[in-house]
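Heads up, the thing below is written out as structure tokens.
The values are calculated or read from the model by the stated rules, or taken from the named source; none is laboratory data. Bear in mind the structure is a predicted one, so any value in this text is a computation, not a measurement. Here the Cβ positions follow ideal geometry from the backbone for every residue, glycine too, while neighbour counts run over all protein chains shown. Note: accessible area is taken over every heavy atom of the protein model, side chains too, but ligands, DNA and RNA are not part of it. Shrake-Rupley method; radii C 1.70, N 1.55, O 1.52, S 1.80 Å.
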Amino acid sequence: MPKYTGNSDYHHDTRACTGVLLTNLGTPEAPTAAALRRYLGEFLSDPRVIEVPRLIWWCILHGIILRVRPRKSAAAYAKVWTDAGSPLLVTTRQQAAALQQRLGDAMQVAIGMRYGKPSIRDGLESLRAANTTRVLVLPLYPQYAAATTASTFDAVSNVLKNWRRLPELRMVNHYHDEPAYISALARSIERHWAEYGRPDRLIFSFHGIPMHYFTAGDPYHCECHKTARLVAESLQLQDDQWQVTFQSRFGPREWLKPYTDMTLKELPGQGVRHVQIICPGFAADCLETLEEIDMQNREFFMTAGGENFSYIPALNAQMDHIDALLEIISKHTSGWEAPLHEEPSETLRRAQLLGAEK
């Protein structure tokens, strides 16, 4: 029979509250081949990420990829690693701390990474220890994709299926067109322009997905284009002043096009010598923005004859980003007003009369 776990640290004088689980993709624990092997093994074993028959993929993953890719990926991570650790994890902690400060005692904020540590299980367990009876899951993926948002739901479900007492649960599927998010992106671009000038072309680079995921019905491609269009409209850009591209493809299959790297190699030949890139799908700077875009793709553009390249940082823990996330939290917790409870000391007294020890 399955074993359903309870909260062993529960005390009857602990006040109930609402929890917010802030999630992101994750990061290795260190920029080493061994750490990358563990991280990539977990990440690339997710059937939401790689939709290939399991036996075939297991042979490819363990027979080829995990023998070759970890060392190469570790070298890339070493270029962006900080004294405080992984940029993604450092920033996610800053975002959570800023949200907690603004939300106060009304809600408890925890973080959980889909792969690596702290895990989604770790985040949910910390919320359970805080006696959260309602949980909002907020994946920091503005645009929905099965490989990210749906995979997060899978992980949350796998944890909760073994809990004896389930919290009320809500989940933010996407926020690609939320006005506060669009405004935060537009203001970030304007601040960059004030310092570096306007480019010949503003590029919105999103993480790619295999083309057959899109043709199977994944809405990600459409939501990326909507985000970029809304930001461009907010900035009053003409059609030839901006474009959407897709980065980070993996494997031989066709992915969403146009590809960011190929675009940057071609633009100088078309007379576009000054480009700026923003990556709206990344809520925090990470390997894909700091190393892939600001290092690799910068070199592609400049080598091809470009004259001026700059990367516009992710929204990270900027105050207007925190404001946008607060609006999203408020919207999705609507109706979850603080329940009327008697004082915790009185709850404990009543529980002790019924035989409880704590």
Go through the range 84-125 and count every residue that is part of a helix (DSSP H, G or I) and among the hydroxyl-bearing types (Ser, Thr, Tyr). 2
Whether any residue in the range 36-43 is over 20 Å from the mean Cα position of the chain (by Cα) and modelled with pLDDT of 70 or more is what I want to check. yes
Select from the range 301-338 the residues that are touching a strand residue (DSSP E or B) at 6+ places or on another chain (Cβ under 9 Å), open to solvent by less than 40 Å² (accessible area, probe 1.4 Å) and assigned to a helix (DSSP H, G or I) and write down the one among them that is nearest to residue 208 (Cα to Cα). 301
Do we find a residue being in contact with a His (Cβ under 9 Å, 6 or more places away or on another chain), in contact (Cβ under 8 Å) with a residue 60 or more places away in the chain and under 25 Å from residue 51 (Cα atoms) anywhere in the range 223-235? yes
Would you please list the contacts, defined by Cβ atoms under 6 Å and residues six or more apart or on different chains, that run from a residue in the range 79-97 that is more than 11 Å from residue 283 (Cβ to Cβ) to a residue that is open to solvent by 60 Å² or more (accessible area, probe 1.4 Å) and at pLDDT 95 or above? 90/84
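Results for (1) of a type in the set (Ser, Thr, Tyr); (2) more than 27 Å from residue 252 (Cα to Cα); (3) surrounded by 15 or more Cβ atoms within 10 Å (Cβ to Cβ), shown as yes or no for each residue.
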residue: 16; (1), (2), (3): no, yes, yes
residue: 41; (1), (2), (3): no, no, yes
residue: 49; (1), (2), (3): no, no, yes
residue: 58; (1), (2), (3): no, no, no
residue: 90; (1), (2), (3): no, yes, yes
Can you tell me which residue is most open to solvent (accessible area, probe 1.4 Å) among those in the range 191-221 that are over 26 Å from residue 272 (Cβ atoms) and free of Cβ contacts under 8 Å to residues at least 40 places away in the same chain? 215
In the set 177, 122, which member is more than 18 Å from residue 226 (Cα to Cα), among the acidic types (Asp, Glu) and open to solvent by 40 Å² or more (accessible area, probe 1.4 Å)? 122
If you scan the range 299-321, which residues turn out to be among the hydrophobic types (A, V, I, L, M, F, W, C), over 17 Å from residue 191 (Cα atoms) and in contact (Cβ under 8 Å) with a residue 24 or more places away in the chain? 300, 301, 304
Please go through the range 45-78 and pick out each residue that is among the β-branched types (Val, Ile, Thr) and without any contact (Cβ under 8 Å) to a residue 12 or more places away in the chain. 50, 52, 56, 60, 64, 68
Under the condition of being in a loop (DSSP other than H, G, I, E, B) and in contact with a strand residue (DSSP E or B) (Cβ under 6 Å, 6 or more places away or on another chain), which residue from the range 126-152 is modelled with the highest pLDDT? 140
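Let's see how each residue does on (1) touching a residue at least 12 places away in the same chain (Cβ under 8 Å); (2) of a type in the set (Gly, Ala, Ser):
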residue: 252; (1), (2): no, no
residue: 269; (1), (2): yes, yes
residue: 294; (1), (2): yes, no
residue: 297; (1), (2): yes, no
Which listed residue, of 253, 298, is under 25 Å from the mean Cα position of the chain (by Cα), open to solvent by 40 Å² or more (accessible area, probe 1.4 Å) and at pLDDT below 95: 253
